[in-house]
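First the structure, in the form of structure tokens, and then the observations on it.
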Amino acid sequence: SREFMQQLVKNGSKVRAVFPDAGAAAMLKARWGGADCGFEIASVDDRALVGEDFDGVLVFAAPDPMSLEKVQRATGRANELGCPVVLLNPRLASGDAGVGLNVRRMRDNFLGKMTVTYSLRPLPWCNGSVFKAYPGQWKLFLEDTEEPGRFRLIDEFAQRPAGEELDDIVEQALRPLGDDGETAEKTTAQKVLSVMKDMQRFMRSLSS
């Protein structure tokens, strides 16, 4: 986060870096030398986080679910002043356990208004990753079995592939090709697993 903020400063921007709590902000001020680091350090708990005279870039570093409402309020105020807001490695989508439906909807609505400029999400379970660099589309990469250590582009998407949709895409991509170059028919074991997956989806739909 420090390198990112300093790069913004080099480009001529005034930067206010906002961390999830006052303890983290105080620790980083001491570690990075306070004002000597080239940008302001604050926390979401600070009063008047975005004052009338604010004219810089507001960067929330790793905002967490507990700070969602404060992040939203500060973002709205910055928008009124015409100041850009950046979410750096946001964790607002984590910790759903115990979080009510209204909170999840509020979070999703807020994140839906943001533009994803860069994202790299590893997929250890299939040796792949989902990648996006603005203004490009979302891209799914899987490890190339013929060239270990390298990855092949599977497909591109207008929206981020996730959940069951992503599972289906990966499953289809990993199925071997037959002698005719077409995707091989599923084995008996694969068909059983597919039926089990469909049943799990059906049960989840009943409980939601």
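Quick one: net charge around L120, please, counting Lys, Arg +1 and Asp, Glu -1 for every other residue with C-beta under 13 Å from its C-beta.
+4
Paramagnetic label reach from F151 (point 7 Å along Cα→Cβ; backbone nitrogen cut-off under 18 Å): within the range 107-140, residues 116-140.
Using the Cβ-Cβ distance between A162 and D55 with R0 = 35 Å, the FRET efficiency computed as 1/(1 + (r/R0)^6) comes to roughly 0.45.
Would you mind counting up the charge near L88? Only other residues with Cβ under 13 Å from its Cβ, with Lys and Arg at +1 and Asp and Glu at -1. Net charge in that neighbourhood comes out at +1. Here the range 151-175 and the range 1-72 have alpha carbon centers that stand 36 Å from each other.
Site pair E143 and D108 shows an inter-label distance of 3.3 nm when each label is modelled 7 Å from Cα along Cα→Cβ. Viscosity 1.306 mPa s, temperature 10 °C: Stokes-Einstein D of the range 20-65 from its Kirkwood Cα radius, in µm² per second? Approximately 138 µm²/s, per Stokes-Einstein. Under 5 Å from the amide H of K14 lie the amide H atoms of V57, each residue being 5 or more positions distant or on a separate chain, with H modelled from the backbone and absent for Pro and chain starts. The convex hull of the Cα atoms of the range 1-150, projected and averaged over all directions, covers 11.6 nm². The residue list F60, V116, V18 was ranked by how far each Cα lies along the charge dipole of the range 15-127 toward its positive end, using unit charges on Cβ atoms, and V116 comes out on top. Using every pair of separate Cα atoms, the Kirkwood estimate puts the hydrodynamic radius of the range 45-127 at 14.2 angstrom. Spin-label pair S1-K14: with each label point 7 Å from Cα along the Cα-Cβ axis, the two points sit 2.1 nm from one another.
Laboratory data are not the source of any read-out in this text; all were calculated from the coordinates shown. Just so it is clear, the structure is predicted and the values come from calculations on it, not from any experiment. Backbone-built Cβ (ideal geometry, glycine too); neighbour counts: all protein chains shown.
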